[in-house]
Amino acid sequence: MTGLTQTEATTGQTVDDVAVDVRGLTITFTAAGKTITPIDGLDLQVRRGELVCILGPSGQGKSTLLRAVAGLTRPDAGSITTPEGAVTEPGAERGMVFQQDAIPMWLRVQDNVAFGPKLRGVPRAEYQPTVDHLIEEVGLDEWRRAWPRQLSGGMRKRVAIAAVFANEPSILLMDEPFGALDFFTREKLQGLLLQLWAETAKTVLFVTHDVDEALLLADRIVILGKGRVAQDITVPFARPRGDDLRSDPAAIELRQELIGRLGEK
Ligand SMILES: Nc1ncnc2c1ncn2[C@@H]1O[C@H](COP(=O)(O)OP(=O)(O)O)[C@@H](O)[C@H]1O
Ligand SMILES: [Mg+2]
């Protein structure tokens with residue numbers, strides 16, 4: 001038996017532990033005279049500092065859920081609460097990185113990374129050390145004065161990641177952020193994310209359709225079905241994870257089970 005059992009995320013948790021509390025979330029769309037409800041009474045609690053992957057094929061409401069937590073989509077019913085209160089609109093404490101995200105092309109790398117804190121009126125003396133540190137960490141020190149058009153797609157994604165961390169959100173919402181990148185770039189950026197996550201202890205909600213990405217990144221893997229959490233799986237493997245995931249029999253078994261579950265939908 002691998003970790004494929006329903007965990008009871010809500011048991012034994014104090015309010016302080018919960019970074020994202022989704023209750024009875026329902027979101028309905030009407031398009032071309034048809035009504036669909038991709039999120040239908042969904043409950044999900046994410047603990048502070050936890051990295052949760054929402055895994056599944058397209059069309060299951062993963063992006064809809066993430067956009068609702070971001071405050072970009074209003075629920076038809078239910079609630080989303082963070083330690084800052086009820087989510088009704090986007091807020092700086094919830095940082096977002098989406099696959100299709102374009103970084104501002106008219107800002108040099110260093111100004112892209114500093115954009116958020118600058119916009120919020122944080123004094124330069126306060127944000128600059130963090131910005132410098134992040135630019136170094138994402139490996140763009142020599143590119144700080146470059147324009148985005150001079151960078152590869154992977155480098156632009158590094159800028160986006162540094163920029164979101166520079167804004168010091170407590171919750172990070174990532175929707176297939178590495179989906180458009182090649183295998184090697186993707187591997188590097190997954191490693192970079194894990195490194196920054198370990199350093200900053202942020203709560204991360206990460207959407208992916210890639211089983212291996214979820215196994216590498218997640219403390220918990222959530223699979224949606226019928227608009228709710230259909231599976232909630234604790235990933236038991238020690239970190240750092242890497243090549244051993246490909247050889248560990250328990251990891252291979254969990255991977256196969258996950259692929260099977262996704263295929264059932
Ligand atoms: N703004 C919208 N208007 C109408 N339908 C939408 C809208 N956003 C998403 N949907 C529909 O909701 C369903 C779930 O979409 P989505 O959350 O993007 O799924 P996923 O991210 O899992 O691929 C899909 O059928 C999609 O077409
Ligand atoms: Mg999506």
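The values are calculated or read from the model by the stated rules, or taken from the named source; none is laboratory data. Treat the numbers as computed from the prediction; the structure is a model and nothing was measured. Heads up, the Cβs are rebuilt from the backbone with ideal geometry, glycines too, and the neighbour counts pull from every protein chain shown. Ligands, DNA and RNA are excluded from the accessible area calculation, which covers all protein heavy atoms including side chains. Shrake-Rupley method; radii C 1.70, N 1.55, O 1.52, S 1.80 Å.
For the chain, with all protein chains present and a 1.4 Å probe, just round the carbon and sulfur fraction of the accessible area to a whole percent.
Taking all protein chains in place, the chain shows 51 percent carbon and sulfur surface.
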(request) Hey, for a label at residue 209 modelled as a point 7 Å past Cα toward Cβ, could you say which residues of the stretch 176-190 have their backbone N under 15 Å away? (result) 176-181
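Given the chain, what percent of its DSSP beta bridges are antiparallel, to the nearest 5?
So the antiparallel bridges amount to about 55 percent of the total.
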(request) Let me know the Rg and Dmax you get for the stretch 164-212 when you use only its Cα atoms, in Å. (result) 11.0, 29
(request) Can you run the Rg to Rh ratio on the stretch 171-265? Use alpha carbon positions and the Kirkwood inverse-distance Rh. (result) 0.94
(request) Over every pair of different alpha-carbon atoms in the chain, take the mean of 1/r and invert it; report that Kirkwood radius in Å. (result) 19.3
(request) Compute the length gained on full extension between residue 105 and residue 141: take 0.36 nm times their separation in residues and subtract their Cα-Cα distance, giving the result in nm to one decimal. (result) 11.1 nm
(message) Using the basic label-point model (7 angstrom from Cα toward the beta carbon), what is the residue 184 to residue 259 distance in nanometres?
(response) 2.5
(request) May I ask for the net charge around residue 65, where only other residues with Cβ less than 15 Å from the Cβ of residue 65 are counted and Lys, Arg are +1 while Asp, Glu are -1? (result) +1
(request) Report the accessible area of residue 244, computed with a 1.4 Å probe over the heavy atoms of all protein chains in place, in Å² rounded to the nearest 10. (result) 80
(request) May I ask you to give the solvent-accessible area per residue for the chain, in square angstrom, as obtained with a 1.4 angstrom probe? (result) 48
